[in-house]
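Here is the structure we will look at, set down as structure tokens.
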Amino acid sequence: MTTRDFTANVISATKVVPDGNFKTSKASGVWDINEALDLIKGGNWPNAANLSPDTFVDGLFSIDLIVGATGTARTINNGIDLSTKKGFVWGVSRSAADNRRLSNTVRGASETLDTGNTYAEFDNAGVQGATQFNSNGFVSGMTDSYYNNEDIVYWTFREQPKFFDLVQFSGTGSAQNISHSLGSVPGMIWVKRVDSTGDWAVYHRGFDSSAPEDYIAFLNKTDAIADNNQYWNDTAPTSSVFTVGTNSAVNASGGTYIAFIFAHNNDDGGFGEPGDQDIIKCGSFSTDSSGNATVNLGFEPQWLMVKATNQSYNWEIYDQMRGFGVNGHKILIANSGNAEGSNTTAGNTQPTSTGFSIGGNYWGANVNLIYMAIRRGGMQTPTAATDVFAIDTGTGDHNASFPIDFTITKRRVSGASTYVMTRLTGDKYLATNSTSVEGSFNFDNLFDDMTGVDFTGGSGWYDTSDTIGWMWKRARGFCDVVTYTGSGSAQNVTHNLGAVPEMMWFKRRDIAANWTVYHKSIGNDKALTLNDDKSHLLSVGYFNSTTPTSSVFSVGENHSLTNNNTNKYICYLFTSLSGVSKVGGYTGTGNDLTIDCGFSSGAKFVLIKREDRIGGSYGSNGDWYVYDSDRGIVSGNDPFLILNDTDDEVTNTDYIDPHNSGFTVTSSAPDALNASGGSYIFYAIAT
């Protein structure tokens, strides 16, 4: 359903999205004339591939991890334009005590600042700051031998209305207004004098509920906030200007200053799909008498800066590339040159699907804190399976062309379990063939990698040539991962799939329990068990007899496998995406049966399970079969593995054949795959 209002070269439009709700399809609600013509010709809506990088957080912010090498400058291609757009790169050493190098496009790549000190800007040659700004990233220096094998993280921010702006100005010694182009009221501002020493002056909307402009904090210090009108002249910033007072740190006569201006999206960001999403929040909260707090951002953060305001505390920074998850977090400090620290206690500071939570009395009781949070990526619907799914076979680490969010890994020999490991849970694992609680191989840095997973240091892990890894990246309309705590009462759990989940895998992490599977083909009142070969369970309340939506799924009252009070759960969500993935079902014929997934070059990954009750009786009638094209989906024999057992790989059967539209189940397949009248579910990913 589309409504069109034609006026001089523009068109207003709304559409029905999969969950049946009307939403504006673009931030402005207005399409240009070329998009309008597309609509007229066939009702085709501009897809994510045609939207500007400005629409998505991935084009405006990036976290990049590298390891330094002596005498080697490093080119970081993160897709962010820093040659025609303003922005900054913040390079911080993780493995050694060092400066916090911040290079910006206004002052040029030859100069850098240090957030942990009062220094004036200084020469960036040979260190870890950016030495060149490119149209798709930057070049880092690190030619000094000091950086050999040093772990570095880079945070890149690019200008965009309602996200970030960068402004240079000259001091006058008298209070003055400074114009900016943020297009909204700033949530946070840093001001630094670049031609002389001086503190990093910070304004934050969370300093005070009524007049935050009356207060000051410093990015290079641990001090609590102080009431002082010399910095912001007790004048609130607006969507076009901010005010600096008479203090030399922000406005000495003849001084040169740069201001880093961050937005606060208050349900008005205008980003992502369908153009109504927030990507940055600046706010405040307080811990309770037990030191706990929950903050609702409306999104899952990938980067978080937190500072206590009523007492002396560091400016702590966490991010998901470095291990900001539910089983602990790694800490870097903006105001100090310390190497990265770790807190491995689960629940202390952790992301949720809607924000973050504080537990374990981490910050203390009744502490007031401010934060800046940036939304996790994956807001853009992928158009190619290769951007979000990869397979690696062989020895050692598993490699992909992107940072992965979870992997299913298995040795292809008898007795080997199938392990699921997830960025949100760090170095922990679950086994699809087992009811066991979450375990740990004690990997050094399992997901601390831009292109795969690193099994270094894993106790009990294997480094053999018979290992396979199937790897997923979370993305809108493709897959998602959610961790949550059971309530004992029926509850809705928010997810970020951006589409209706068609298959979900649930596992309790802290107590031994079966895996529970929801699949659209069998409905919301039935369930399967991933760790066995049984047919579906009848009239179960695991999913509260409620079909999931594009924003939430439901779990029933006190169901041990999905919602026991205070227990910890994880859920993996999958759905169909045109040309990329397909979740579906089929009825067996006993003859060759082609399953059309809407693909053009066949399937790279296929999962099949028989789910029906034979003769109405519950029993064992179908394993969870996995095929993939890396091991062979061919016209001859096709190797398969079973998720629910520890059997070795079977290589001498021809149960599946390739087909451009998806795959074919052959007439030689057993009843577990193709019995006449049998009912089957499947999940396939395109090549």
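Can you find even one residue in region 630-647 that is in contact with a His (Cβ under 6 Å, 6 or more places away or on another chain), modelled with pLDDT of 95 or more, open to solvent by less than 30 Å² (accessible area, probe 1.4 Å) and not small (Gly, Ala, Ser)? The answer is no, given that none of the residues of region 630-647 is in contact with a His (Cβ under 6 Å, 6 or more places away or on another chain), modelled with pLDDT of 95 or more, open to solvent by less than 30 Å² (accessible area, probe 1.4 Å) and not small (Gly, Ala, Ser). Being surrounded by 22 or more Cβ atoms within 10 Å (Cβ to Cβ) and touching a Ser or Thr at 6+ places or on another chain (Cβ under 9 Å): is that true of Tyr618 here? The answer is no for Tyr618.
Criterion first (under 26 Å from Thr575 (Cβ atoms), open to solvent by less than 30 Å² (accessible area, probe 1.4 Å), more than 29 Å from the chain's Cα centre (by Cα) and β-branched (Val, Ile, Thr)) does Ile656 satisfy it? Yes.
Being basic (Lys, Arg), under 31 Å from the mean Cα position of the chain (by Cα), open to solvent by less than 20 Å² (accessible area, probe 1.4 Å) and closer than 21 Å to Ala334 by Cβ is true of Lys307.
Inspect all residues belonging to region 572-594 and state whether any of them is open to solvent by 20 Å² or more (accessible area, probe 1.4 Å), under 30 Å from Ser551 (Cα atoms) and of a type in the set (Asp, Glu). Checking region 572-594: not a single residue is open to solvent by 20 Å² or more (accessible area, probe 1.4 Å), under 30 Å from Ser551 (Cα atoms) and of a type in the set (Asp, Glu).
For (1) open to solvent by 50 Å² or more (accessible area, probe 1.4 Å); (2) in contact with a helix residue (DSSP H, G or I) (Cβ under 7 Å, 6 or more places away or on another chain), each residue gets a yes or a no:
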residue: Asp54; (1), (2): no, no
residue: Ile63; (1), (2): no, yes
residue: Asp81; (1), (2): no, no
residue: Thr112; (1), (2): no, no
residue: Asn148; (1), (2): yes, no
residue: Ile152; (1), (2): no, no
residue: Gln168; (1), (2): yes, no
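Results for (1) of a type outside the set (Phe, Trp, Tyr); (2) outside any strand (DSSP E or B); (3) at pLDDT below 95; (4) open to solvent by less than 20 Å² (accessible area, probe 1.4 Å), shown as yes or no for each residue.
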position: Thr197; (1), (2), (3), (4): yes, yes, no, no
position: Ala224; (1), (2), (3), (4): yes, yes, no, no
position: Ser239; (1), (2), (3), (4): yes, yes, no, no
position: Ala249; (1), (2), (3), (4): yes, yes, no, yes
position: Phe262; (1), (2), (3), (4): no, no, no, yes
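Only one of the numbered conditions (1) of a type in the set (A, V, I, L, M, F, W, C); (2) at pLDDT 95 or above; (3) within 30 Å of Asp525 (Cα to Cα) is not met by Ile614, and that is (2).
If you filter region 404-413 down to residues that are at pLDDT 95 or above and part of a loop (DSSP other than H, G, I, E, B), you find that the one that is least open to solvent (accessible area, probe 1.4 Å) is Ile404. The single condition among (1) surrounded by fewer than 24 Cβ atoms within 10 Å (Cβ to Cβ); (2) in contact (Cβ under 8 Å) with a residue 12 or more places away in the chain that Arg193 does not meet is (1).
Restricted to region 87-127, and to residues there that are of a type in the set (Val, Ile, Thr) and in a loop (DSSP other than H, G, I, E, B), the residue that is nearest to Asp199 (Cα to Cα) is Thr118.
The set of residues in region 485-497 being open to solvent by 20 Å² or more (accessible area, probe 1.4 Å) and more than 18 Å from Asn327 (Cβ to Cβ) consists of Ser487, Ser489, Ala490, Gln491, Asn492, Thr494, Asn496. Filtered by the rule that a residue be modelled with pLDDT of 95 or more, over 23 Å from Ala217 (Cβ atoms) and of a type in the set (S, T, N, Q), region 302-339 gives Gln302, Gln320.
In this structure, Val306 does not satisfy being more than 30 Å from Asp58 (Cβ to Cβ), in contact (Cβ under 8 Å) with a residue 12 or more places away in the chain and among the aliphatic types (A, V, I, L, M). Residues in region 575-590 that are among the aliphatic types (A, V, I, L, M), farther than 21 Å from Thr529 by Cβ and not in a loop (DSSP other than H, G, I, E, B): Leu577 alone.
Filter region 255-295 down to residues that are of a type outside the set (A, V, I, L, M, F, W, C) and under 20 Å from the mean Cα position of the chain (by Cα), then give me how many there are. Let's see the steps before the verdict.
First pass over region 255-295, keeping only residues of a type outside the set (A, V, I, L, M, F, W, C): 255-257, 264-270, 272-278, 281, 283-284, 286-292, 294.
Filter once more, keeping what is under 20 Å from the mean Cα position of the chain (by Cα): 264-265, 267, 269-270, 272-278, 281, 294.
Looking only at that region, the number is 14.
Restricting attention to region 318-350 and to residues that are over 16 Å from the mean Cα position of the chain (by Cα) and of a type in the set (A, V, I, L, M), the residue that is most open to solvent (accessible area, probe 1.4 Å) turns out to be Ala346.
Only residues that are of a type in the set (S, T, N, Q) and not in a loop (DSSP other than H, G, I, E, B) were counted in region 353-377, giving 2.
Residues that are in contact with a strand residue (DSSP E or B) (Cβ under 9 Å, 6 or more places away or on another chain), assigned to a strand (DSSP E or B) and either modelled with pLDDT under 95 or of a type in the set (Lys, Arg) (or both) occur in region 425-437; there is at least one. Quick one: is Asn368 open to solvent by 30 Å² or more (accessible area, probe 1.4 Å) and touching a residue at least 40 places away in the same chain (Cβ under 8 Å)? Yes.
So which of Val500, Val552, Val482 ends up being among the β-branched types (Val, Ile, Thr), surrounded by fewer than 22 Cβ atoms within 10 Å (Cβ to Cβ), at pLDDT 95 or above and touching a His at 6+ places or on another chain (Cβ under 9 Å)? It would help to see each step written out before you state the result.
Values: Val500 fails: touching a His at 6+ places or on another chain (Cβ under 9 Å); Val482 fails: surrounded by fewer than 22 Cβ atoms within 10 Å (Cβ to Cβ).
Criteria check complete, one pass: Val552.
When restricted to residues that are modelled with pLDDT of 95 or more and in a loop (DSSP other than H, G, I, E, B), region 378-399 contains 5. Touching a strand residue (DSSP E or B) at 6+ places or on another chain (Cβ under 8 Å), surrounded by fewer than 21 Cβ atoms within 10 Å (Cβ to Cβ) and aromatic (Phe, Trp, Tyr) - does that describe any residue in region 597-615? Looking through region 597-615, none of the residues is touching a strand residue (DSSP E or B) at 6+ places or on another chain (Cβ under 8 Å), surrounded by fewer than 21 Cβ atoms within 10 Å (Cβ to Cβ) and aromatic (Phe, Trp, Tyr). Taking Gly183, is it open to solvent by less than 20 Å² (accessible area, probe 1.4 Å), over 21 Å from Ile370 (Cα atoms), in a loop (DSSP other than H, G, I, E, B) and at pLDDT 95 or above? Answer is no for this residue.
The values are calculated or read from the model by the stated rules, or taken from the named source; none is laboratory data. What you are looking at is a predicted structure, and each value in this text was computed from that prediction instead of being measured. No Cβ is skipped: glycine too gets one built from the backbone with ideal geometry, and neighbour counts run over all protein chains shown. Ligands, DNA and RNA are excluded from the accessible area calculation, which covers all protein heavy atoms including side chains. Shrake-Rupley method; radii C 1.70, N 1.55, O 1.52, S 1.80 Å.
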